[in-house]
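Heads up, the thing below is written out as structure tokens.
The values are calculated or read from the model by the stated rules, or taken from the named source; none is laboratory data. All values derive from a computational prediction rather than experimental measurement. Positions of Cβ are generated from backbone atoms using ideal geometry, with glycine treated the same way; all protein chains shown enter the neighbour counts.
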Amino acid sequence: MMSYENRDTYGMYKTSHENGLEPRLMGADTLVGSDVYNKQHEDIGDIKEIMLDMSNGKVCYAVLSFGSFLGMGEKLFAVPWRALTLDRKNKRFILDVEKDRLKNAPGFDKSHWPNMADQSWSNDIHTYYGVKPFGRYE
């Protein structure tokens, strides 16, 4: 299991918080490699990259890997950040999608990334995962 706590080389997550809502702010480098599970507790992949909108500073997508063996046959998925929730208890992320639905999700291989700034592509991805895209001035 790879969690953000395992990747924390600076010790930023060592502080115990009684409210159970921490960490609220997290380092991007510690998130890459984190496990992603669905609500059925099935391992559905891991975070390969985090995509930031440089015009507004928001995290737009987590690029997930699913269905590879030693990196061969790896299919990548851009999942809207809003579709992920942090499972603080298990130190992983949750994506509310069944494995069969993810197998048919719009994906790409590492040599053919989509234009994630394309509004039509973005709308399709957000619709597929059932989340609203960020508003222009949100």
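Hey, among S111, S120, which residue is modelled with pLDDT under 90 and loosely packed, with under 13 Cβ neighbours inside 10 Å?
The conditions single out S111.
Quick check on my filter: what residues within segment 51-66 are small (G, A, S) and part of a strand (DSSP E or B)?
Matches in segment 51-66: A62, S65.
Return the pairs, sorted by first residue and then second, in which the second residue is of a type in the set (A, V, I, L, M) and crowded, with 16+ Cβ neighbours inside 10 Å, the first residue lies in segment 75-100 and is without any contact (Cβ under 8 Å) to a residue 12 or more places away in the chain, the beta carbons are less than 7 Å apart, and the residues are 6+ apart or on different chains.
That search, which allows pairs on different chains as well, returns T85/I94.
So K89 ticks every box in (1) within 29 Å of T9 (Cα to Cα); (2) at pLDDT below 90; (3) not in a loop (DSSP other than H, G, I, E, B) but one. Which box is left unticked?
So K89 meets the others, but not (3).
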